[in-house]
Amino acid sequence: MKIGEQEVRYVAGLANLSLSGAEIARMAHDLDEILTHIDKLNELDTSAVEPMAQVLYEAGETATLREDVTGASFDNETALANAPLAGAGQFKVPKIIER
Amino acid sequence: MDVHTLTIASIRAGLASRQFTAAEVCEAALRLAEAENSKTNAYLRLCPERAMETARKVDATITAGEDPGPLAGVPVAVKDVITTRGITTTCGSKMLERWVPPYDATAVERLEAAGGLVIGKTNCDEFAMGSSNENSAFGPVRNPVALDRVPGGSSGGSAAVVAQGTATVSLGSDTGGSIRQPGSFCGVVGVTPTYGRVSRYGLVAFASSLDHIGPFARNVGDAATLLETIAGRDPKDSTSAFAPVAGYTEAMKQDARGMRIGLPTEYFKGLANDTGDQLAKGVDLLKSIGCEIVDISLPHTEYAIACYYIICTAEASSNLARYDGVRYTFRSERAQTMAEMYQLTRGEGFGAEVKRRIMLGTHVLSSGYYDAYYLKAQKVRALIARDFAQAFEKVDALVAPVSPFPAFKLGEKIDDPLAMYLSDIYTITGSLAGIPCMSVPCGTTSDSLPVGMQILTRHFDEPGMFRLAAAFERAGGFTV
């Protein structure tokens with residue numbers, strides 16, 4: 001077995017994801033099946049292969065870096081328009097530090 | 001005017017000859033979409049005000065005797081993972097049910113500047129994760145060709161509206177096949193351009209090294225025109241390519257005589273069904289129009305699924321971390337503490353498939369597993385890309401199936417995630433390599449279900465891809 005319910009709970013904690021008991025059982029089963037398939041990659045010797053972090057192609061010199069100049073941006077109201085809870089021009093969240 | 005058979009060219013001609021106005025096209029398309037949508041659930045919402053505003057501008061431009069743009073008066077539907085300013089963009093998720101983005105995606109901005117009418121937002125798998133469009137929080141989409149079947153995914157809605165004729169063209173997004181597979185299931189053209197060819201600005205991120213925006217259309221020319229309009233460098237997406245955009249519609253004029261076409265043997269093994277038979281007919285047709293057909297091997301094909309589902313889930317787990325209950329409309333009402341706000345918001349806001357991918361991605365990136373999974377997958381991705389590079393030393397294009405089978409019935413595969421993942425085998429490889437690929441209709445099965453043929457070419461050789469696709473279309477390939 002590649003992964004059990006205990007590890008699923010640990011990973012869910014890392015992902016800040018609350019899962020019900022039924023979801024945990026199902027998740028353990030599904031992830032185990034997928035991870036077993038993924039084991040297939042071990043058939044390949046990749047010790048001499050460079051990892052591919054992005055799509056690479058032949059290309060001329062580019063100007064990806066630009067001057068660091070300030071442009072237009074959203075005003076405060078627009079930026080907060082989708083906040084579940086906002087006030088005084090800020091995003092509001094539950095209290096973090098108890099006095 | 002028959003809205004559901006309009007093409008970009010026929011709209012242009014009709015506007016030029018004053019046969020109809022853009023406003024009339026817009027109204028007719030909206031009316032048809034409204035009437036048809038209960039059958040398919042393909043639109044999540046229509047945008048009549050915005051579309052009519054653009055239509056009136058187009059008509060004013062024409063009245064003034066000026067050029068209204070290459071997409072003037074063309075009804076375009078946009079997948080709901082692509083942002084539209086002031087119009088709710090849900091990504092098919094409960095998490096974003098009420099999210100109204102304050103900006104337009106670059107692709108939307110460009111198509112609208114060219115006179116295109118954004119008539120509605122289309123349903124899709126939640127955050128573009130799925131192969132059947134059954135993972136939408138707002139109900140599945142039905143395939144207009146056969147209403148008891150799925151339209152494919154994740155861009156199922158965008159494929160369905162074009163097949164149905166309620167939009168002339170549409171935008172979808174493709175991470176591992178999400179344009180080509182629904183294109184093939186619904187019998188329309190679907191194009192995944194070279195990675196970086198179209199700006200991802202405003203495409204809600206799923207797997208950033210694999211995400212693409214691309215067009216759906218009922219013919220090759222319309223897809224080429226839409227892609228020409230939205231492609232090109234965008235300073236707002238640092239991964240967008242600087243390479244100049246070639247004339248795709250121009251490339252279509254050339255015949256396919258003398259093109260060397262490779263058939264990847266790994267893709268045709270075990271394709272002993274109607275899909276295989278249709279592909280064989282398609283290949284025969286290519287031969288008859290002067291293409292040279294050779295067998296090619298892409299030896300690392302069998303590792304693509306494992307490689308892809310590590311990379312895409314790892315990137316997704318990171319990209320979807322932003323849905324934390326602070327900025328994006330939804331926060332769990334049960335949350336009392338900060339930790340609960342994160343956990344309950346995500347637990348309640350995400351659906352099963354999104355949770356599964358966040359979990360897999362978090363696991364493969366977690367301490368102690370990085371080398372075994374993510375790094376390994378990046379190395380295998382390099383091998384898959386090398387397979388293609390070597391093939392393109394010998395051939396101009398590859399021709400392959402899109403999906404091992406045609407559209408399946410709703411509910412048929414939803415309980416077996418691994419089987420669903422495995423069905424993406426023919427489309428994932430091209431996505432990993434970042435090369436342009438498209439699906440064109442290639443007749444139907446004995447049950448009258450559409451079959452798609454995939455064409456893949458070198459990075460930035462969209463002209464070669466459109467040249468071959470157009471020659472195939474002219475020779476009658478769509479109904480072979």
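Taking (1) within 8 Å of chain B (Cβ to nearest Cβ); (2) in a helix (DSSP H, G or I) in turn, A:A63 satisfies each apart from (2). In the range A:66-81 there is at least one residue matching the filter, namely being facing another protein chain (nearest Cβ under 7 Å), out of contact with any His (no Cβ under 9 Å at 6 or more places or on another chain), open to solvent by less than 90 Å² (accessible area, probe 1.4 Å) and within 30 Å of B:A335 (Cβ to Cβ). Annotation note: of B:V161, B:V220, B:V188, the sole residue that is more than 24 Å from B:T429 (Cβ to Cβ), open to solvent by less than 10 Å² (accessible area, probe 1.4 Å) and more than 14 Å from chain A (Cβ to nearest Cβ) is B:V161. Among residues of the range A:59-78 that are within 23 Å of B:F460 (Cβ to Cβ) and at pLDDT below 85, those with a Cβ under 8 angstrom from a residue that is open to solvent by 70 Å² or more (accessible area, probe 1.4 Å) and among the polar types (S, T, N, Q), sequence gap 6+ or separate chain, pair up as A:T64/B:S238. Among the residues of the range A:20-54, those that are within 7 Å of chain B (Cβ to nearest Cβ), open to solvent by less than 30 Å² (accessible area, probe 1.4 Å) and under 22 Å from the mean Cα position of the chain (by Cα) comprise A:M27, A:D30, A:L31, A:I34, A:I38, A:M52.
Rundown of residues vs (1) acidic (D, E); (2) assigned to a loop (DSSP other than H, G, I, E, B), yes/no style:
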| position | (1), (2) |
| --- | --- |
| A:A25 | no, no |
| A:K40 | no, no |
| A:E50 | yes, yes |
| A:F74 | no, yes |
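For the range B:31-71, the candidate set comprises residues that are open to solvent by 10 Å² or more (accessible area, probe 1.4 Å) and among the aliphatic types (A, V, I, L, M); within that set, the residue that is farthest from B:N133 (Cα to Cα) is B:A64.
For the range B:113-141, a residue qualifies if it is touching a Lys or Arg at 6+ places or on another chain (Cβ under 7 Å) and either open to solvent by 10 Å² or more (accessible area, probe 1.4 Å) or at pLDDT below 95 (or both), and exactly one does: B:A137. For B:G476, the conditions (1) on the phi > 0 side of the Ramachandran plot; (2) within 23 Å of the chain's Cα centre (by Cα); (3) not polar (S, T, N, Q) all hold with the exception of (2).
Scanning the range B:386-427 for residues that are closer than 18 Å to B:V150 by Cα and more than 14 Å from chain A (Cβ to nearest Cβ) gives B:V402, B:S403, B:P404, B:F405, B:P406, B:A407, B:F408, B:K409, B:L410, B:G411, B:E412, B:T427.
When B:G430, B:G443, B:G434 are checked against the criterion of being at positive phi, of a type outside the set (D, E, K, R) and within 13 Å of another protein chain (Cβ to nearest Cβ), B:G434 stands alone in meeting it. Of all residues in the range B:336-372, those satisfying the criterion of being within 8 Å of chain A (Cβ to nearest Cβ), open to solvent by 20 Å² or more (accessible area, probe 1.4 Å) and either aromatic (F, W, Y) or not in a helix (DSSP H, G or I) (or both) are B:Q336, B:T337, B:Y342. Sub-6 Å Cβ pairs linking a first residue in the range B:294-320 that is more than 10 Å from chain A (Cβ to nearest Cβ) to a second residue that is in a loop (DSSP other than H, G, I, E, B) and open to solvent by 20 Å² or more (accessible area, probe 1.4 Å), at least 6 apart or interchain, are B:E315/B:S208, ordered by first then second residue. In the range B:22-34, the residues that are free of Cβ contacts under 8 Å to residues at least 40 places away in the same chain reach residues that are buried (at least 23 other Cβ atoms within 10 Å of the Cβ) with C-beta atoms within less than 7 angstrom, at least six apart or across chains, in these pairs: B:A23/B:A55.
The values are calculated or read from the model by the stated rules, or taken from the named source; none is laboratory data. Not measured: the values here are computed from a predicted model. Every residue, glycine as well, gets a Cβ built from its backbone with ideal geometry; the counts of neighbours run over all protein chains shown. Side chains included, ligands, DNA and RNA excluded: accessible areas come from the protein's heavy atoms. Shrake-Rupley method; radii C 1.70, N 1.55, O 1.52, S 1.80 Å.
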